[in-house]
Structures are given as C-alpha cells and as structure tokens.
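To keep things clear, I will list the structure first and then write my remarks on it.
The values are calculated or read from the model by the stated rules, or taken from the named source; none is laboratory data. Because the structure is a prediction, the values reported are computed rather than measured. So basically every Cβ, Gly included, is an ideal-geometry build from the backbone, and we count neighbours across all protein chains shown. Accessible surface is based on the protein model in full, side chains and every heavy atom, while ligands, DNA and RNA are left aside. Shrake-Rupley method; radii C 1.70, N 1.55, O 1.52, S 1.80 Å.
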Amino acid sequence: MAKFPVETIRHSAAHVMAAAVQHLFGEVKFDIGPSTADGFYYDFDMAHRLAPEDLEAIEEEMRKICNAHLPFEYQELSRAEAEALLRGRNQCYKLERLADIPADAKITFYTIGDFSDLCRGPHVEHTGQI
C-alpha cells in the first residue's frame, strides 16, 4: 500500500465526509475542506442543521465509502466548463472559489463515486487508503 502524508489523508477524508453528508442530507452547498493540524473539516450550507446525533450516521456512511475503495478521479476543466458545472449544481461558494483561481492556473476537480468537487488536491489513490 502506498504511503501518503497525513495532510493528504486528512484532506481525502474531508472529501469522503462531504460525500457522506451529501448522501444523507441531499442538497448541500460546499465551500472548503482542508486538512488541519489535528484533523480536517468541511464547510457546509444546507437546510438541515447538523447535531451531535447526526455524527454516527455520517461516520457510518464514511465507512461505507471507504470500504468501497472508490478511486479519486482527477479531471481538468476549462474555466467555462467549471463555471457551468458549478452553476448547474447550485454551488455558489465554489463559484466564488473558482473566481479566486488565477487565469493561467489549472482548474481541477476530484471525484469519488457520485461526489465531485473543485479541488487542487492531492488525494490518496482510493478511499480504502484513508
């Protein structure tokens, strides 16, 4: 099994958490999901307000995603393609992040299963490595 820096594992886990929240609660607007010194987080905007009792269901969904060994698929898009994709998904915060990307920079998305996000990476190869 490949070895990855802890920051890469934590950032990949943030994507898994975002996918789990999307599966459980439907329409979610995402902002950022970085690794931190002691873990990771993801900013969500959604109708449901998360409560401590939601954590068990989120963790269980994350385990399912990790056990599925879903690949982190990399995709480069043009700015116009990225903008259209994010508008179509009603991802207003990601549109703001897209606007922050310099004109000459690559615009990249990472996908695991049915969850895709504007992200520069890096990530583990598949969710089973988290």
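General observations
- Among residues of region 25-42 that are more than 18 Å from residue 61 (Cβ to Cβ), those with a Cβ under 7 angstrom from a residue that is assigned to a strand (DSSP E or B) and open to solvent by 40 Å² or more (accessible area, probe 1.4 Å), sequence gap 6+ or separate chain, pair up as 29/45; 34/40.
- Among the residues of region 61-93, those identified as outside any helix (DSSP H, G or I), farther than 20 Å from residue 125 by Cβ and open to solvent by less than 70 Å² (accessible area, probe 1.4 Å) are 77, 78, 91.
- Screening 15, 23, 123 for residues that are modelled with pLDDT of 95 or more and assigned to a loop (DSSP other than H, G, I, E, B) leaves exactly one candidate, 123.
- Taken together, the residues in region 2-39 that are at positive phi and open to solvent by 60 Å² or more (accessible area, probe 1.4 Å) amount to 0.
- On the stretch given as region 22-61, residues that are within 18 Å of residue 97 (Cβ to Cβ), under 14 Å from the mean Cα position of the chain (by Cα) and not acidic (Asp, Glu) total 12.
- If you go through region 94-130 and keep only what is over 13 Å from the mean Cα position of the chain (by Cα), over 18 Å from residue 13 (Cβ atoms) and surrounded by 13 or more Cβ atoms within 10 Å (Cβ to Cβ), you end up with 95, 97, 98, 101, 107.
- Among the conditions (1) under 15 Å from residue 14 (Cα atoms); (2) at pLDDT below 95; (3) not charged (D, E, K, R), the only one that residue 28 does not satisfy is (2).
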